[in-house]
Structure formats: C-alpha cells, structure tokens
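The values are calculated or read from the model by the stated rules, or taken from the named source; none is laboratory data. Keep in mind that this is a model prediction, so the values were computed, not measured. Cβ sites come from the backbone with ideal geometry, for glycine too, and all protein chains shown count toward neighbours.
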Amino acid sequence: MMNRTFTIISLHFAGFLSHDWVSWFTVKLNPLLPSLTAEMLQTVTSNTDCNAYHIIVGALSSVFDQMTSLRQQELTRIMLGYLKQSHPWSKFSSTCGSGTSSLSAWLEQSFGKFSIYVDYEDLRDLNTGFDSSLDLLSVSQVAQLTLHSGALNNAHLIEMVFDRLEGDNSFQDIEEFLEALSQTSQRLDINPVVRDIMMNRTFTIISLDFAGFLSHDWVSWFTVKLVPLLPSLTAEMLQTVTSNTDCNAYHIIVGALSSVFDQMTSLRQQELTRIMLGYLKQSHPWSSTCGSGTSSLSAWLEQSFGKFSIYVDYEDLRDLNTGFDSSLDLLSVSQVAQLTLHSGALNNAHLIEMVFDRLEGDNSFQDIEEFLEALSQTSQRLDINPVVRDIMMNRTFTIISLHFAGFLSHDWVSWFTVKLVPLLPSLTAEMLQTATLNTVCNEYHIIVGALSSVFEQMTLLRQQELTRIMLGYLKQSHPWSKFSSTCGSGTSSLSAWLEQSFGKFSIYVDYEDLRDLNTGFDSFESLDLLSVSQRRQLFQDIEEFLEALSQTSQRLDISPVVRDIMMNRTFTIISLHFAGFLSHDWVSWFTVKLVPLLPSLTAEMLQTVTSNTDCNAYHIIVGALSSVFDQMTSLRQQELTRIMLGYLKQSHPWSSTCGSGTSSLSAWLEQSFGKFSIYVDYEDLRDLNTGRQRKEPSS
C-alpha cells in the first residue's frame, strides 16, 4: 500500500504547501508510515523546507515503535544527511530550529525518537549548543540534559556527560548528578551498555573516598544514589568495596545488591556471590560480631547473602555458621519446613538432602507428612528447582509407599491432592505402578485427577510414560462394556469416563485401546464393514450428534488434533450423500452442524464438496468457511483459496450466472472468496471479473 500510494503522491510533492504536508503525513498516511523507506524519505525531503521537514519527522516519530530497528536507523541517516546538507546552524542562528527554546526541543523537532541513533559528534556538528552547553551547565542541568537528550541510551552522549563531571570537583559533581537522577519522577530506563559506562566512571571516582566512608555514606550511596547503576557492579568492584568495610557496611551493600538481583545476568550473580563468600570466610565467621545480632539463621542468611544465597553450597554455609551443622536436628519439623522455605533449600540439592536426612528418623512417615503439610500451607509460591524436586519426591515416596496398603480413600485424597502436589511433576512411571498396584477405581481416579492437575509441568516423555501405566492398570483389572463395570459406572458420558480414566493424559491413548476399554467408542471404527443401509443410519447418527453439539449452550473448545479426527471421520460418512444434497442441506450442514469442525476442512475435502455444486451451494460453503477463517492456519487458508479459484476459473467467470445477481464488485468478491480473497492475485481477479477493469460509478 505504501509503495503504490507513494508512487502516485510523490509526483505532487513539488506543489505541496504546509497544510498539505500536515494533512498527508499526520492523518492520511499515518497507518502506512511504518513502511516508509529511506529512499522514500530521501525523495520526500529533497525539496522540503524546515517546517515541512519538522512535520514529517514528528509524524514518523509517532510510529517509531512500529518500525524495525534497521528501518529506524536507515531513516535516521536520511534525516542526518538532510540537516547536514542544507541546514547547519550555530546556537539557533539559522532558520531551521530557530523557534525552539531549548536543545531538547531542537532535538525533538530535528530527529524525534530517532535521536537515539545519532552520534554526539554529529549533534555537535549540527548544533554548537551541544559543544559548549555541558561546560556551561550546572550539574543539575547536566542531569536534566541527560534525562531528556537520550543520553541514557547513547554511549557517545554519556561519555561526554562524564567528561564534564570529571573535573576538579568530581566526587561532589558525581554525587549531585546521581542525586538529581534519583529524584526524577520518570522511570530510568538505562541501556545496559550505557549503564556499564556510567558505573565504571562513577566507581573510578568514588572508590578513592571509600576509606573515609561512614555508615550513613554506605547507606546513601548504595541504597539511593547508585541504585540505577548497581546491576552493572562487577566482582572486581565488589572486591574493592568490601576490602576495608566492616560487617554493618557489608550488610548494607548486600541488601542493595539483592534489591537489583533480578536485573543481573546469572553469571554476574554467581561472580558477586563468590566475592561475598570470600569476604565472610576471610574475616567474619559466625563466632565474631558479623551477624551476631541476628535472631535466626534465616535472618543471618538474608544479611550475609540476600538473594545470592541460592548459589552458596551447604558446606560453605555450615563452615561459616555452625548453626547449619546442628540446627536441623534441634529444630522441630515445622521449623525445618520454615528453614527450607527461607534458606534456599528448594533450589539447593545439598541443602535438601540435609533436610531429608533430618526427616528420615524413627518417626519418618509422620515427620514427612508434617513437613509437606507445612509447605502446602505457606502463602509463598513454591518455586522448586526440578533437580531438587526429584530428590524430594524420591525420598518422600520411599517413605510413604510403605504405608499405601493401609491407605483409605481420604488418605489418597489428602496425599495426592494436597501434600504431594508440589512434587507430583516428579512422580515416575515406576512410582505410579507402585501406587496403583492395589488401588480400587475410586482411588485410581483420585490419583489420575491429581496428576492431570500438574500435567503441563511434566516433560513430554514423563507424560507418555505415566499414560502407559494408566492404560495397563485399566486393561489388567477393569475392562467394561457400556459402563457395566464398577470402574467408571458412575459417569454419565464418554467424556466424563475419559476424564476420570486418563485426565489430560488421554491424548496419548490410541483409539484401539479406547475401544477395547469402552465399547462406546466402537461405532465409528466399523464404518468400512457396514452395508449401505447401515451407513445411512450412521449418517443419521452423525447428523443427530452434530445437531446436539450445535445446540449446547457451552463453548465448544475442541483440541485441533481431536477436531481433525472428527472432521475426517464425519466427512467420510457425509460425502457419500453430497450428490443428493439440496440447497437447504448445504445450509444445514455447512452453516450449523459442521461449523465447530470447519477449521479442519482440507483442500481435498473442499475439492470433493465443490465438484458437483452449483453457484448457490458454492456461495453457502464459502460463507461458512469465511466465518471460521481466523481459526485456520495461514497454510490451510491458502490451500482452500486455490480450490475456490480453480472452481471459479473452470466453470463460472463473471459473465455467467455465478454472481450475476450481486450489486457490486465488493459483493461479488465476498460471495466468491469471502475472507480468502486476500490470497487471490490481482491478475486472477481481473480474469474472473472484467468489472475490475472498469471504474464503478461513484455514489
């Protein structure tokens, strides 16, 4: 659209007045502007004055976020070339930009959002205000310029800012600069590369004064001024910071770093953890004053490592704090659960092994039960590392499986729907085999429901392995015919039976196995063996089935794989009757009964459907398919379009009765292709309908 529009309107640019540029670029072209190329912008600006240029830049800036990074950079180069070639100025002495009241306003008019791609040297060449302003501005003004000039996303600009700050009074200037940044109401979205530069240059200056820092200085710098830059603090910097700090200062620094933990890379997190560990090991074992004021191990861990504790081995924790060596045996089970929640044990294999060593005593079953109950009652989200979860499940199952023989129905409910839920994604096929070994149907259904609730948290392989155990259980002990057996007899439908028997795992069960287990699945499979009269009956059954589906008040959310099966098998049956279909049959089937399945109609099926249909039936089918267009894949849409095109080309050009009753080209297009028209080439449209070569009279 942009290419063809531009080809036409560009011929008139020479005669454009100011209001024309406004009208076209801020209104008419706005939806297409993200497609404006560098070549087009070169053409547009070749004869424009500053006012027109500013209008164009403002319009492009309004759709900046809809463009690719490459397109943004290409357009920036054209803007820069335009300004360099014809409109240099010094301190706004030239016409272009002379009406602006500030550098930020000039930058907005000249480049808009594209300014982030302009080098500082180019800015300075274009506007000498950038050459002297930094030295002339106060520190707070430099901070304001940094916030509004794009410097937080421009390495060249931020280097110039710090060149200005690194003078005779560098420490005070850096401090005032960062204080001004911290007090702004706008969100500081700093490019990581720029943030690294800011941190490096800031640290080089302030580190010279660390030796004289008092407690309030560490608080002021690390919890306020440096916060936006802390994700860029390196291990080497932390080593320097902590080389002469006492415990109080160390705790302040750790707390500050912990507050930006999630903004760091995993590698940076681990590198900083090693420095923290080295600091604590070298000078501050638990017996010293460092941490002695904490009231609990969890408080000590928070002060000593913060969120970085997940990277500390249990052995190191025990070496640093002897409370970890004896506390587990001294703590109650609920306290062990609390320690597990707050010590990082859910993400630390060493720690979780120690926890279960504590639980596996003379009263192991009761202790495990109390431990899991405490975990299930916590208000915090249990985000357990999969490796840790496997360990927890293995050791828990070893203990509780010894008691399965005495489990009653409420025990299965309590364990599998509450206590074990966080661990169930780690239940193996061997464990399920053991669990179901002596269970009755009711208990089996409880287990299946519980596993189905965590289905998405399992690997594909685990899902398939568990399905095989379920299938084996049902085949071995609980065959039934039309719900005559106990297992499943209380279900009111096949879908309820399937849900109880397999839950979400049913997608991995072969149809043959379903039919062997439940004869309710038998009717479709016998199609090839039925006589003509039986096929007719089956046709009526299918029709009744689909009518019942279409009349339900609930939303039919059918899995695409299941829908494909339903469509394939339905089509095999009903296609035998197409030759006798009248107009009302096409309407009934394609606009009502088949609607839930139509997204699965294939090109081959459409070819069969339209092979003997007249125009009226064809239009009904196209309208029905168009109503489910958005539910199809792009590939399916294109395949069906080719069949429609072939049908119309073969027998029904515009001059025939097909579509002759339509009052306009748009109506013809809607009847002939519906939403699929977007895939039809213009040449094909013109071949089918000569009206495309005529200009329709305006209304």
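Looking across the range 417-438, the residues that are hydroxyl-bearing (S, T, Y) and surrounded by fewer than 18 Cβ atoms within 10 Å (Cβ to Cβ) come down to T417, T428, T434.
Yes or no, residue by residue, for (1) touching a helix residue (DSSP H, G or I) at 6+ places or on another chain (Cβ under 7 Å); (2) part of a loop (DSSP other than H, G, I, E, B); (3) surrounded by fewer than 15 Cβ atoms within 10 Å (Cβ to Cβ); (4) without any contact (Cβ under 8 Å) to a residue 24 or more places away in the chain:
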{"position": "L152", "(1), (2), (3), (4)": "yes, no, no, no"}
{"position": "L157", "(1), (2), (3), (4)": "yes, no, no, no"}
{"position": "D163", "(1), (2), (3), (4)": "no, no, yes, no"}
{"position": "F177", "(1), (2), (3), (4)": "yes, no, no, no"}
{"position": "L188", "(1), (2), (3), (4)": "yes, yes, yes, no"}
{"position": "R195", "(1), (2), (3), (4)": "yes, no, no, no"}
{"position": "R201", "(1), (2), (3), (4)": "yes, no, no, no"}
{"position": "D209", "(1), (2), (3), (4)": "yes, no, yes, no"}
{"position": "W218", "(1), (2), (3), (4)": "yes, no, no, no"}
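Listed by first and then second residue, the pairs linking a residue in the range 116-130 that is surrounded by 16 or more Cβ atoms within 10 Å (Cβ to Cβ) to a residue that is among the basic types (K, R) and at pLDDT 75 or above, with Cβ atoms under 8 Å apart and 6 or more places separating them unless they lie on different chains, are D122/K84; L126/K84. I'm trying to understand the selection: among the residues of the range 568-587, which are surrounded by 18 or more Cβ atoms within 10 Å (Cβ to Cβ) and either among the polar types (S, T, N, Q) or farther than 19 Å from E547 by Cα (or both)? Matches in the range 568-587: T570 only. Answer yes if at least one residue in the range 589-603 is buried (at least 20 other Cβ atoms within 10 Å of the Cβ) and over 42 Å from the mean Cα position of the chain (by Cα), and no otherwise. No, there is no match, as no residue in the range 589-603 is buried (at least 20 other Cβ atoms within 10 Å of the Cβ) and over 42 Å from the mean Cα position of the chain (by Cα). Filtering the range 348-378 down to residues that are loosely packed, with under 15 Cβ neighbours inside 10 Å and hydroxyl-bearing (S, T, Y), which residue is modelled with the lowest pLDDT? Step by step, filter the range 348-378, then rank; the result is T378. Just a yes or no: is a residue in the range 221-230 in a loop (DSSP other than H, G, I, E, B), at pLDDT 95 or above and within 19 Å of Y279 (Cβ to Cβ)? Within the range 221-230, one or more residues are in a loop (DSSP other than H, G, I, E, B), at pLDDT 95 or above and within 19 Å of Y279 (Cβ to Cβ). Of everything in the range 281-328, what is farther than 26 Å from N385 by Cβ, at pLDDT below 70 and not in a loop (DSSP other than H, G, I, E, B)? Give them in sequence order. Correct list: S283 only. Taking every residue in the range 308-321 that is more than 14 Å from V355 (Cα to Cα) and aromatic (F, W, Y) and pairing it with any residue that is modelled with pLDDT of 75 or more and surrounded by fewer than 18 Cβ atoms within 10 Å (Cβ to Cβ), at least 6 positions away or on another chain, the pairs with Cβ-Cβ distances below 6 Å are Y311/Q270.
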